[in-house]
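Inspection log for the structure reproduced underneath, given as structure tokens.
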Amino acid sequence: MLPAPSFQLDINGYRLQTRGPGFAADLVPSNRLSLGPVVRYSGGRSEDDLGEKGKGLPTVPASVETGLSVGSGIPWRVVGVPLPGVALAQLDVFTTLPGGHESPYATASGGWVTSVTDRWSLIGTLGASYYSAEYSDRFFSLDDATAQATGLEAYDADAGWQDLSLTLVSNLRWTPRWSLFTLVSVSRYQGDAARSPIIRQLDARNRYLGVLGVSYQWLGD
């Protein structure tokens, strides 16, 4: 359980906001398209993360990840679908600065934002992550020497779509400035990542995230 302060700053359609442990900028002043750089921190995999269950397994260095994000939101009625709300789509591509895990990967997601009432809105998204051969090897492969030392089998993970996630966000606005929001997300490794001896040893195929927060919006003049 960790505190996670966040903010979003909008100036004439341009935006700077926190995204997880990092920052994202939107350099396109449009309600239909967002495009901009992302810089964020990745904790990698430390010995503390491995614990006793993963003793002797390979660690991954903490990294500063840099990338590009592109997204779009289009009302369903614009594309001829008789549904309320807005359809969402987003693609992010990441790599790291030198000294990190230095392995590129990408995430793609689609979703739906809709208003239940004039004060309560919901956002649901389904996402998938594509891991490059370098990323898969760094996080999920096990060489012969480590396999022999840990008693596990050697393993060579390949590139592919190897992570699925489902996220639900609820935002309840009780005044024009104050809102209560919750986020619940579940992710599940697939393919080579799920078959990795590292993930099976750590029993880490499924990951869960929950966020509860209060937001204040400065409306300006």
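Answer with yes or no whether S136 is in a strand (DSSP E or B) and either of a type outside the set (K, R) or open to solvent by 60 Å² or more (accessible area, probe 1.4 Å) (or both).
no
Filter the stretch 57-80 down to residues that are more than 22 Å from the chain's Cα centre (by Cα) and open to solvent by 50 Å² or more (accessible area, probe 1.4 Å) and give me whichever is farthest from P21 (Cα to Cα).
The residue in question is G80.
Name the residues in the stretch 89-98 that are open to solvent by 60 Å² or more (accessible area, probe 1.4 Å), modelled with pLDDT of 95 or more and either of a type in the set (K, R) or out of contact with any Leu (no Cβ under 7 Å at 6 or more places or on another chain) (or both), would you? Step through it out loud before you land on a result.
The initial filter retains those residues of the stretch 89-98 that are open to solvent by 60 Å² or more (accessible area, probe 1.4 Å), namely 90-91, 93, 97-98.
After this cut, where a residue has to be modelled with pLDDT of 95 or more as well, the list is 90-91, 93.
Passing the criteria: Q90, L91.
Which members of the stretch 62-105 meet the condition of being among the hydrophobic types (A, V, I, L, M, F, W, C) and part of a loop (DSSP other than H, G, I, E, B)?
Of everything in the stretch 62-105, those that are among the hydrophobic types (A, V, I, L, M, F, W, C) and part of a loop (DSSP other than H, G, I, E, B) turn out to be A62, V81, L83, L97.
Just need a number here: residues in the stretch 18-40 that are assigned to a strand (DSSP E or B) and either surrounded by 14 or more Cβ atoms within 10 Å (Cβ to Cβ) or among the aliphatic types (A, V, I, L, M) (or both). I'd like the intermediate steps shown before the answer.
Filtering the stretch 18-40 down to residues assigned to a strand (DSSP E or B) leaves 18, 22-26, 33-40.
Applying the additional criterion that residues be either surrounded by 14 or more Cβ atoms within 10 Å (Cβ to Cβ) or among the aliphatic types (A, V, I, L, M) (or both) yields 18, 22-26, 33-36, 38-40.
Result for the stretch 18-40: 13.
Step by step: first the residues of the stretch 154-170, then only those that are more than 25 Å from D144 (Cα to Cα) and in contact with a Lys or Arg (Cβ under 9 Å, 6 or more places away or on another chain), then the one that is most open to solvent (accessible area, probe 1.4 Å). Which residue is that?
Ranking the qualifying residues of the stretch 154-170, first place goes to L166.
Within the stretch 109-123, does at least one residue satisfy the condition of being among the acidic types (D, E) and assigned to a loop (DSSP other than H, G, I, E, B)?
yes
Quick test for you: out of R207, R177, pick the one residue that is closer than 19 Å to G54 by Cβ and of a type in the set (K, R).
One residue alone meets the criteria, R207.
Before we move on, is A128 within 19 Å of V184 (Cα to Cα) and assigned to a strand (DSSP E or B)?
Considered against the rule, which asks whether it is within 19 Å of V184 (Cα to Cα) and assigned to a strand (DSSP E or B), A128 comes out as yes.
Collect the residues in the stretch 176-192 that are open to solvent by 40 Å² or more (accessible area, probe 1.4 Å), without any contact (Cβ under 8 Å) to a residue 40 or more places away in the chain and over 17 Å from G210 (Cα atoms), keeping them in residue-number order.
Matches in the stretch 176-192: W178, Q190.
Could you list all residues from the stretch 64-80 that are over 21 Å from P98 (Cα atoms) and polar (S, T, N, Q)?
Hit for the stretch 64-80 is S72, nothing else.
Being of a type in the set (S, T, Y) and within 21 Å of the chain's Cα centre (by Cα) is the filter; apply it to the stretch 197-221 and report the residue that is least open to solvent (accessible area, probe 1.4 Å).
By that ranking, first place goes to S215.
With (1) of a type in the set (A, V, I, L, M); (2) within 28 Å of T59 (Cα to Cα); (3) surrounded by 14 or more Cβ atoms within 10 Å (Cβ to Cβ) as the list, and A149 as the residue in question, which single condition is left unmet?
For A149, the failing item is (3).
Quick check on the stretch 143-188: of everything there that is among the hydroxyl-bearing types (S, T, Y) and part of a strand (DSSP E or B), which residue is farthest from the chain's Cα centre (by Cα)?
Top of the filtered list is Y155.
The values are calculated or read from the model by the stated rules, or taken from the named source; none is laboratory data. These numbers were taken from a predicted model, which means no experiment stands behind them. All Cβ positions, glycine included, derive from the backbone under ideal geometry; neighbour counts span all protein chains shown. The accessibility values were calculated without ligands, DNA or RNA, using every heavy atom of the protein model including side chains. Shrake-Rupley method; radii C 1.70, N 1.55, O 1.52, S 1.80 Å.
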